[in-house]
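The structure under discussion is supplied below as C-alpha cells; questions concerning it will follow.
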Amino acid sequence: MSCRRCLAGRPPGRQAPSCLAVGAWLGGRLADRHLSRRGLAFILTGASLGSALAAGTHRLVGEALSVAITDIHLAAVACALGILALPALCCGMISPYIIRLRIRDVATSGATVGRLYALSTAGSIVGTFLGGFVLISFFASGTILWGVALGLLLLSLPAEPSRPWGRLGLVLLLLLLAVWDRQFRRTEGPLMVESPYNCMLIHESRDRGRPVRILSTDPDYSQSGMYLDDPDELYFDYTRFYALAVLARPQARDILMLGGGGGSVPKWLLSGKSGLDAADLRLTVVELDPGMSAVARRWFFLPGDDPRLRLIHAGLQRHFARVEVFCVTDPGHPGQLQNLMVLAFSDAATAAALRDGPGHSPEMAAMLACRYRPSLPVTEPLRDDFAPVERFALSLLRRP
C-alpha cells in the first residue's frame with residue numbers, strides 16, 4: 001500500500017499537475033538549448049524509469065512518509081510528491097519538447113501546435129475513460145504503473161530509432177522486474193492485495209503466544225483476524241458479539257450474513273463452535289467485494305466448496321423492521337471510533353430475546369449493556385447505497 005492515509009490505497013495523483021507544470025517549463029527550456037530526437041528519447045526514457053521507480057517503491061515510500069507525518073492531508077501531499085514527482089516531471093517535459101521539435105517554419109507553427117494540442121486533448125480523453133473504466137477496475141495500481149513505464153520506454157524507440165539496443169535491453173529488464181514485483185516478490189512487510197473496492201493488507205504476528213494472521217483495509221486498524229493454529233476460533237473481541245444472534249435464535253438453520261470480510265464468523269458458524277447445529281446449517285453471505293471473498297478463501301481458509309455456504313456479491317438494499325446496535329468498546333461514547341455490532345430483524349418480536357433482564361449469563365448481560373440507545377428516534381433505515389470510494393465524494397457535498 002503506497003500510503004495508508006491515501007484514497008483507497010492507490011498512489012495519489014492530485015499533486016501531479018504541479019509537477020507537470022514544472023516539467024513543461026523545464027521541457028521548453030531544454031528544447032531551446034538542446035533540441036534533437038535523441039533528447040526526446042532521453043526524456044521518454046527518464047519518464048519510463050521514473051514510473052518504474054514509483055511502481056517498485058511506492059509502498060515503501062508511502063509507508064515511511066505516513067509514519068513520519070501524522071496529519072492526513074500533509075501525508076497525502078507528501079506521498080503524492082514522493083511517489084509521482086519524478087515521472088510527472090518527465091512527462092510534463094514531453095509536450096513542449098515535441099512542439100519545438102516539430103516546428104520547422106514560423107509560417108506553419110500555428111498548424112503544428114494546433115495538431116499537437118488536438119492529439120494531446122484526444123489522448124487525455126481516451127486516457128481518462130481508459131483509466132477510470134478499464135484500468136483501475138481490472139488492474140492493481142502497481143501493475144498500471146509498470147505498464148506506463150513499459151509504454152513510455154517503447155515510445156522512445158520510434159522517437160530515436162538509431163542505437164535501440166540499450167533501450168530494448170531496458171524493456172526486457174523492466175518486463176522482468178514487473179513480473180517479479182507483481183508475482184514473486186515477498187517482503188517482510190504485509191502482503192498487499194488490491195480490488196476495485198479495497199486495498200487489503202495481510203500480515204502475520206503473534207498474540208498471547210499464538211500465531212495470528214491479520215487482514216486490514218483501513219488505516220492503522222484491522223478488519224479480520226485468524227489464529228493460525230485454530231482458524232475456526234474467533235480472534236477479535238467484537239466478533240464474539242455474534243453470540244447474541246445465537247442467543248436470540250438458538251434453533252436457527254437459515255442464516256443471512258451481510259458482509260463476509262475475512263470469513264471469521266462464517267467459519268465459526270460452520271464449525272459448530274457457535275452452539276448451532278452446524279450439520280443442517282444453510283449460510284448465505286452477502287459481500288460487496290468479490291476480491292474480499294477471494295482473499296478470505298486463499299489466506300483465511302474460508303471453504304470454497306462447502307454446500308452449506310453460499311456467497312452473493314451485492315449491496316445491501318433491504319429495510320428491516322428493527323435494528324439493534326451495540327457499541328463494543330465504549331457504549332457511553334457512541335461517537336468514538338470503535339466497532340459496532342448491528343443486528344437487523346424482519347419483525348420486532350424476533351428481537352425479544354435481546355431484552356435486558358434476569359436470566360442471562362454475566363458475559364451475555366455485559367454484551368447487552370453495550371446496546372446503543374440514541375437520545376432521538378432513528379428515522380433513517382440502515383442502507384448501503386454507496387461504494388466505499390464514494391464516501392470521499394459524498395464528504396465534499398456535506399456542509400456544517
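Could you give the length gained by full extension between Leu172 and Glu204, i.e. 0.36 nm per residue of separation minus their alpha carbon distance, to one decimal place? Can you show the working numbers first?
On the way: separation 32, 0.36 × 32 = 11.52 nm, distance 3.44 nm.
In short, 8.1 nm is gained.
Only sites in a loop by DSSP and with at most 10 other Cβ atoms within 10 Å count here; which trypsin sites (Lys or Arg not before Pro) in region 98-162 make the cut?
Working: sites: Arg100, Arg102, Arg104, Arg115; in loops: Arg104.
Here the sparse-neighbourhood loop sites are Arg104.
Can you figure out the FRET efficiency of His360 with Leu191, using R₀ = 30 Å and their beta-carbon distance, to the nearest 0.05? Before the final figure, lay out the partial values.
Working: r = 41 Å, r/R0 = 1.38.
Between His360 and Leu191 the formula returns 0.15.
Would you mind checking the radius of gyration and Dmax of region 54-147 based on alpha-carbon positions, in Å?
In Å, with Rg to one decimal and Dmax whole: 17.9, 56.
Here's a follow-up. Which of the three applies to region 122-191, rounded, prolate or oblate, going by the alpha-carbon gyration tensor with a ≥ b ≥ c and a/c under 1.5 meaning rounded?
Details: a/c = 3.99, a/b = 1.13, b/c = 3.55.
Oblate is the answer for region 122-191, as a/c is 1.5 or above yet b/c matches or exceeds a/b.
Moving on to the next point. Given Asn339, Gly291, Phe301, which one lies farthest toward the positive end of the charge dipole of region 276-344, if we put +1 on the Cβ of every Lys and Arg and -1 on the Cβ of every Asp and Glu?
Gly291
Same structure again: Pop out the ³J(HN,Hα) list for region 121-138 in order, Karplus 6.51 cos²θ - 1.76 cosθ + 1.60 with θ = phi - 60°, rounded to Hz; leave Gly and Pro as x.
These are the phi-based 3J(HN,Hα) values: 5, 4, x, 5, 5, 4, x, 5, 5, 5, x, x, 9, 10, 4, 5, 6, 10 Hz.
Principal axes first, then extents: for the Cα atoms of region 7-185, list largest minus smallest coordinate on each axis, whole Å, largest first.
Principal extents (largest minus smallest coordinate, Cα): 55, 36, 32 Å.
Convex hull over the alpha-carbon atoms of region 210-272: what's its volume per residue in Å³? Before the final figure, lay out each step's value.
Details: hull volume 5.8 nm³, N = 63.
For region 210-272, the hull spanned by Cα atoms encloses 92 Å³ per residue.
Label Val106 and Asp229 with points 7 Å out from Cα along Cα→Cβ: what is the distance between them in nm?
Each label point is offset 7 Å from its Cα along the Cβ direction, giving 8.4 nm.
Any idea which of Ala248, Leu258, Tyr235 is furthest toward the positive side of the dipole for region 217-263, if Lys and Arg beta-carbons carry +1 and Asp and Glu beta-carbons -1?
Ranked along the dipole, the leading option is Ala248.
Taking a ≥ b ≥ c as the square roots of the Cα gyration tensor eigenvalues, with a/c under 1.5 meaning rounded and otherwise prolate when a/b beats b/c, else oblate, which class fits region 209-323?
Details: a/c = 1.41, a/b = 1.19, b/c = 1.18.
Cα axes put region 209-323 in the rounded bin.
On to the next question. Relative to the present Cα-Cα distance, how much length would full extension add between Arg115 and Ala353 at 0.36 nm per residue of separation? Write down the numbers at each step before the final one.
Details: separation 238, 0.36 × 238 = 85.68 nm, distance 7.34 nm.
Here the segment from Arg115 to Ala353 would lengthen by 78.3 nm.
For the pair Leu74 and Gln336, what calculated FRET efficiency results from E = 1/(1 + (r/R0)^6), where r is the Cβ-Cβ distance and R0 = 22 Å, to the nearest 0.05?
Numbers: r = 24 Å, r/R0 = 1.11.
For Gln336 and Leu74, the calculated efficiency is 0.35.
Out of all DSSP beta bridges with both ends in region 187-346, state the antiparallel percent to the nearest 5.
On the way: 23 of 33 bridges.
Taking every DSSP beta bridge within region 187-346, about 70 percent pair in antiparallel fashion.
Read-outs throughout are calculated quantities, based only on the coordinates presented, and are distinct from any laboratory measurement. None of the values given here were measured: they were computed from a predicted structure. When we count neighbours, we look across all protein chains shown, and the Cβ atoms used for this are built from the backbone with ideal geometry, even at glycine.
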